[in-house]
Amino acid sequence: MTALAPVLKNRGGLWIGWPGITGEVDQQALDDASLKAGYRLHPVELDEEEVEAFYRTISNGAIWPLFHGLPTLANYSQDAWDIYERVNERFADVIYGRTKQTDYVWVQDYHLMLVGRYLRALDPGRRMGFFLHIPFPPLDIFLQIPWRAQILNALLDFDLIGFQTMRDRRNFLEAVRRVVPDVRTHGAGSVVSVEHLDREVRIGAFPISIDYQEFCQQAQDWPVGEGSRWLKHAFGGRCIILGIDRLDYTKGIPQRLEALRVALTRYPELRGGVTFIQIAVPSRTDVPEYRVLKEQIDRLVGDINGQFTEMDWTPIHYMYRSVSRDQLLTFYRAADIGLLTPLADGMNLVAKEYAAANVDENGVLILSDFAGAAAQLHRWAITVNPHNVLEVADAIYGAYKMAQGEKRYRMRRLRASIRRNDIFRWVDSFLEAAVARHLDDFPYHEDYVPPLE
Ligand code: ADQ
């Protein structure tokens, strides 16, 4: 949950989570990590069977595809669900044991949708909120999950439930009205409330963001500026189109590659004129669907390069690996076009990072209609339906031909919008809805560990 790191770093706090490895956690390593991060970390340990059921089977094998509107990829297992419940209960136990009654608990994401239910049972008066980082699917899709009533009832045990967009919130409210008996909704605007079992639950849209200032400043650092000039030179001054994503079937990478093929076919002027850099970060490599996707992308890149490469030009540069922060910023800064076309995405922070790092204000953002970020950025980005490869191809050509003045105008407005609505504003608006307080009201945590200089 790297998006939250800047806030925790500034305010301290306690982060409870599974460290991503099975077996016993090395306390010294965790203390070192706490010191480096600037906030305390406390592990919830999981064994191999729990990781398989809770993390791989239910979270990433059922909820992730279904919530991204891809029900045919979702697999359900009742045995695994029982373990998902057990792990959520363990998280609630650990939270209960490690926090005071007055501490506000803010649970993050789809792995932990039941924590409210268990924590409410242990501590009925506890104030707690939940934020869903992924989309909430339309009614007919959500209804397919075998545990729909358990999920909705458990979510309603939180005091505040946050979604990325109004569309997600609307989908959630429709599901609640259909599945949970005797609920009443009140209010309008960005936060509405639902009456459920004599409690009031607030439901809001809080689009997550980035630490704009940090991206903007780091993009102006000397190595990034030099690197980006070098990159442009290395690619012969061609128009650089950039795609950066975790290698995930929700990110629409094959469709994007097909769109590039169509663009190169329809607009011969682009041949030799553009270089497409796709960086895919390895993700969930133990899941068969992800391995199949990787092979599909490998093949497509090979096909398209085979079809169009000339002696002095290769259309696609494909990197299957993670890159350092400086390298990431260098790619962002050098790219003339950011091409981010997920089939579904809670927000898509890469789109915001690209704009923040585009300090020369001469880039164009092409963004999927189905990224949560489009709700905020649609006026100044070129928005596209990622399934319509012709439309995406036309958008690529349109961005390539766009006049300097228009690029600057759009990019300035994109950046201004992200600057105003940064990660601190996101936390602030959530806290205001949750406990009627602002981020500035929160002192440094008594156990706050200052970051290393
Ligand atoms: P993700 O699906 O991971 O997040 P995204 O929002 O784009 O998607 O965030 C990816 C993060 O990884 C970015 O901060 C980016 O800088 C980093 N990253 C990407 N490529 C990298 C690379 N090659 N090397 C190093 N770092 C890289 C989920 C949801 C999103 C939602 C976020 C936050 O799926 O929809 O926006 O949570 O809520």
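The values are calculated or read from the model by the stated rules, or taken from the named source; none is laboratory data. Please read these numbers as outputs of a predicted model, since none were measured by experiment. FYI the Cβ positions are ideal-geometry reconstructions off the backbone, even for glycines, and counts take in every protein chain you see.
In the condition set (1) over 22 Å from the mean Cα position of the chain (by Cα); (2) assigned to a loop (DSSP other than H, G, I, E, B); (3) more than 24 Å from residue 78 (Cβ to Cβ), residue 144 is compliant with all but (3). Only a single item in (1) touching a Pro at 6+ places or on another chain (Cβ under 7 Å); (2) without any contact (Cβ under 8 Å) to a residue 60 or more places away in the chain is not met by residue 250, and it is number (2).
Evaluate the following for residue 132: is it within 14 Å of the ligand (Cβ to nearest atom) and surrounded by fewer than 21 Cβ atoms within 10 Å (Cβ to Cβ)? Give the steps one after another, and end with the answer.
On the way: within 14 Å of the ligand (Cβ to nearest atom): yes; surrounded by fewer than 21 Cβ atoms within 10 Å (Cβ to Cβ): no.
When the stated conditions are applied, residue 132 does not pass them.
The conditions of being in contact with a Gly (Cβ under 7 Å, 6 or more places away or on another chain), aromatic (Phe, Trp, Tyr) and either part of a helix (DSSP H, G or I) or in the same structural domain as residue 381 (by TED's automatic domain parsing) (or both) are met by residue 354.
List every residue pair whose Cβ atoms lie under 6 Å apart, where the two residues are 6 or more positions apart in sequence or sit on different chains, the first residue falls within the stretch 367-383 and is under 13 Å from residue 164 (Cβ atoms) and among the aliphatic types (A, V, I, L, M), and the second residue, located anywhere, is within 13 Å of the ligand (Cβ to nearest atom) and assigned to a loop (DSSP other than H, G, I, E, B). Close Cβ pairs satisfying both conditions: 371/342; 371/348; 373/347; 373/348; 375/165.
Could you identify the single residue in 284, 246 that is touching a helix residue (DSSP H, G or I) at 6+ places or on another chain (Cβ under 6 Å) and farther than 14 Å from residue 335 by Cβ? Break it down into steps so the answer makes sense when it comes.
Values: 246 fails: touching a helix residue (DSSP H, G or I) at 6+ places or on another chain (Cβ under 6 Å).
The conditions single out 284.
When you look at residue 390, is it in a helix (DSSP H, G or I), near the ligand (Cβ under 9 Å from one of its atoms) and of a type in the set (A, V, I, L, M), yes or no? No; evaluated as a whole, the condition is false for this residue.
The set of residues in the stretch 164-219 that are of a type in the set (Val, Ile, Thr), part of a loop (DSSP other than H, G, I, E, B) and buried (at least 20 other Cβ atoms within 10 Å of the Cβ) comprises 165, 208, 210. Going through (1) aliphatic (A, V, I, L, M); (2) under 24 Å from residue 134 (Cβ atoms); (3) outside any loop (DSSP other than H, G, I, E, B) one by one, residue 30 falls short only on (2).
Screening residue 103 with (1) under 22 Å from residue 16 (Cα atoms); (2) of a type in the set (D, E, K, R); (3) modelled with pLDDT of 95 or more gives one miss only, at (3).
For the stretch 305-354, a tally of residues being away from the ligand (no atom under 13 Å from the Cβ), under 23 Å from the mean Cα position of the chain (by Cα) and free of Cβ contacts under 8 Å to residues at least 12 places away in the same chain returns 0. Against the definition (within 16 Å of the ligand (Cβ to nearest atom) and either closer than 27 Å to residue 375 by Cβ or part of a strand (DSSP E or B) (or both)), how does residue 254 come out, yes or no? Judged against the criteria, residue 254 is not a match.
When residues in the stretch 262-300 are screened for being in a helix (DSSP H, G or I), modelled with pLDDT of 95 or more and away from the ligand (no atom under 16 Å from the Cβ), 13 of them pass. A count restricted to the stretch 114-129 and to residues that are assigned to a helix (DSSP H, G or I) and either acidic (Asp, Glu) or crowded, with 19+ Cβ neighbours inside 10 Å (or both) stands at 6. Residues that are within 18 Å of residue 148 (Cα to Cα) and of a type in the set (Lys, Arg) within the stretch 82-104 comprise just one, 86. Kindly evaluate residue 60 against the criterion of being under 19 Å from the mean Cα position of the chain (by Cα), crowded, with 19+ Cβ neighbours inside 10 Å and either farther than 26 Å from residue 424 by Cα or not assigned by TED's automatic domain parsing to the domain that holds residue 163 (or both). So residue 60 fits the description; yes.
Of all residues in the stretch 1-22, those that are at pLDDT below 70 have Cβ atoms under 6 Å from Cβ atoms of residues that are part of a strand (DSSP E or B) and within 14 Å of the ligand (Cβ to nearest atom), 6 or more apart or on another chain, in 1/108. Taking the numbered list (1) among the small types (Gly, Ala, Ser); (2) part of a helix (DSSP H, G or I); (3) touching a strand residue (DSSP E or B) at 6+ places or on another chain (Cβ under 9 Å); (4) closer than 24 Å to residue 228 by Cα in turn, residue 416 passes all entries but (3).
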